[in-house]
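Notes follow the structure.
Please treat every number below as a calculation from the coordinates, not as lab data. Since this is a predicted model, take the numbers as computed values, not measurements. Positions of Cβ are generated from backbone atoms using ideal geometry, with glycine treated the same way; all protein chains shown enter the neighbour counts.
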Amino acid sequence: MLRDHIPAPVVRKLLELLFPIPRRLSQRHIPIDAAGLDRIRESIRANYHQGWRREDRYSEEMYQADLEAHLHRRLAIDRRMVVPWLDDARSLDGMRVLEIGCGTGSSTVALAEQGAEVTGIDIDRDALAVAKDRCEVYGVGAEFHALNVQELSAAFATRVFDSVIFFASLEHMTIPERLAGLRDAWQMLPLGGLLVVVETPNRLWCDDRHTSWLPFFNWLPDELAFRYSCFSPRQNFKELYREYHADAAEHFLRRGRGMSFHEFDLAIKPATELKVVSSLSSFAGLRYSVQRSILERRFKSLLRSICPDIHEGFCDDHLFLIIERD
């Protein structure tokens with residue numbers, strides 16, 4: 001995906017041309033000064049870039065790229081691509097949003113500055129510390145909870161949300177967590193509520209741009225993928241997964257494994273029966289497809305020919321789906 005390992009200037013120019021931000025949305029973007037940016041940077045360093053993510057596990061170039069991604073690049077892409085897509089389906093202003101996988105808070109700010117009432121959950125307390133600092137700097141209100149998605153229904157049994165957004169998070173869950181999270185989120189929504197999946201890699205896709213950067217990675221069984229990670233070109237990845245045991249296997253799964261329409265079939269109902277309001281590809285149309293190579297466009301066509309009864313969004317390299325509960 002465009003988020004993290006393509007040079008920032010290239011990404012920025014491409015997105016500016018293909019995805020101009022509607023004025024009604026850009027007017028709500030909250031600027032911050034250098035002091036605010038410094039505060040977020042220090043919070044990322046002090047809280048997020050610790051343990052297995054600490055700076056000395058990267059080359060200087062790759063560490064700066066990761067820092068820049070969490071500092072402002074993710075927010076810029078969410079503002080330009082994700083928020084206009086979401087707002088086109090239904091106005092974010094006043095929407096009660098449960099954000100599952102809020103991470104360091106870039107997406108939280110992008111939603112909240114558009115008037116959404118955001119409740120964010122994440123299992124990563126270090127990331128949540130950054131998210132809280134970020135929201136304070138931007139002056140937006142958001143509620144945060146350190147929760148596993150399997151605690152969803154118990155934690156919010158009396159709450160009503162207009163939308164539940166899995167924001168780049170389903171790929172970091174185990175299969176039981178995915179199924180429970182999708183099922184409980186669906187049951188929590190009122191009729192007409194929206195279940196949204198953002199930027200989850202598609203396990204049906206022929207190469208992996210999220211986790212290992214290897215071809216066919218998401219087609220492999222988990223243990224084989226773990227062992228095959230020794231060939232990954234990604235820093236701070238293959239070095240961590242040398243000996244296969246329970247703790248290493250779970251850590252590996254949480255780095256990211258693809259998902260597909262099969263989880264929806266099991267957790268909610270057959271994908272052919274889901275009311276898919278929009279995918280990023282159907283929303284953007286030609287603007288989306290021109291970013292793809294001829295091979296990628298052909299591969300998507302192949303998937304669609306094999307599964308003609310599901311929405312085209314299930315055949316993209318990443319799942320960006322807005323599904324209405326009916």
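The orientation-averaged projection of the convex hull spanning the C-alpha atoms of region 95-155 amounts to 3.6 square nanometres. A straight Cα-to-Cα reach below 29 Å connects K269 with the lysines K300, residues fewer than 8 places away in its own chain not being considered.
Shape of region 173-326 from its Cα gyration tensor (a ≥ b ≥ c, root eigenvalues): rounded if a/c is under 1.5, otherwise prolate when a/b > b/c, or oblate? Cα axes put region 173-326 in the oblate bin. Among M62, M95, a tally of other beta-carbon atoms within 10 Å of each Cβ gives an order, fewest to most, of M62, M95. The ranking of I44, I165, I32, I310 by Cβ neighbour count inside 10 Å, starting from the fewest, reads I32, I310, I44, I165. Fewest-first ordering of H72, H245 by other beta carbons within 10 Å of each residue's beta carbon gives H245, H72.
Each Cα pair under 8 Å and six or more residues apart adds its separation to the average, and for the chain the resulting relative contact order is 16 percent. Taking the square roots of 5 times each eigenvalue of the Cα gyration tensor of the chain, largest first, gives ellipsoid semi-axes of 26, 25, 21 Å.
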